[in-house]
Amino acid sequence: MAKAKEFTVTIEDKPGALGKCFHALAARGVNMLAFQSYVEEGESLTRFLADDVATAREVLGELRMIFEVTDVAIARVAHRPGELGRAASRLGENHINIDYSYCGIEPNSMQVLLVFGVDNLTKAATVLDELAAG
């Protein structure tokens, strides 16, 4: 199924803060599959997919970080020109609005993980499953 759990974490906008968070996750064996980070209104907002959702929740809780976990639509596609455009176009053709997107890498493969925050998760997951199958 083309859905995954995404973490959205608010991190202090200061040198080393993002590294501290990711080092703590890595120390507990959590691998980042995809991530995006940007500064907004004096805070760093970081979105990521982790390979171990339960442990990532524990670590972020222990760090007393402000975070939420939501569902996002994902596509696993070949790492070649045009795949992002194909996935985004397919969502648009199905009247699904993309609120944000970012990418990562599927472990132990040459596939790219495309992550989409969308306005219709169920429909997007179906469309992206069809894309992967075709």
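Tally Lys/Arg at +1 and Asp/Glu at -1 over every other residue whose Cβ is under 13 Å from the Cβ of Tyr100; what's the total?
Local net charge: -3.
Which of rounded, prolate, oblate describes segment 1-42, given a ≥ b ≥ c as roots of the alpha-carbon gyration tensor eigenvalues and a/c under 1.5 marking rounded, otherwise prolate only if a/b is larger than b/c?
Oblate, because a/c is 1.5 or more while a/b does not exceed b/c.
Which is farthest toward the positive dipole end of the chain among Asn108, Gly92, Pro15, measuring Cα position about the Cα centre, with Cβ charges +1 (Lys, Arg) and -1 (Asp, Glu)?
Asn108
Find how much the distance from Arg57 to Tyr38 grows on full extension, using 0.36 nm per residue of separation minus their present alpha carbon separation; answer in nm with one decimal.
Stretched fully, the Arg57-Tyr38 segment lengthens by 4.8 nm.
Quick one: what are the phi-derived ³J(HN,Hα) couplings along segment 62-77, Karplus 6.51/-1.76/1.60 with θ = phi - 60°, whole Hz, x for glycine and proline?
5, 7, 6, 8, 8, 8, 9, 10, 10, 8, 10, 8, 10, 10, 9, 10
From the phi of every residue in segment 86-98, what ³J(HN,Hα) in whole Hz does the Karplus formula 6.51 cos²θ - 1.76 cosθ + 1.60 yield, where θ is phi - 60° and glycine or proline is x?
These are the phi-based 3J(HN,Hα) values: 5, 5, 5, 5, 4, 4, x, 4, 9, 6, 9, 8, 8 Hz.
At 0.36 nm per residue, minus the direct Cα-Cα distance, what do Leu45 and Glu12 gain on full extension? Give it in nm, one decimal, please.
Length gained between Leu45 and Glu12: 11.0 nm.
Where Rh is the Kirkwood radius over the Cα pairs of the chain, the temperature 4 °C and the viscosity 1.567 mPa s, what D in µm²/s does Stokes-Einstein return?
83 µm²/s
Given points 7 Å out from each Cα along the Cα-Cβ axis, report the Tyr100 to Arg76 separation in nanometres with one decimal.
Computed distance between label sites Tyr100 and Arg76 equals 2.5 nm.
Every number in this text was worked out from the coordinates using simple rules, so none of it is lab data. Worth saying up front: this structure is predicted, and the values here are computed from it rather than measured. Virtual Cβ from ideal backbone geometry, glycine too; neighbours counted across all protein chains shown.
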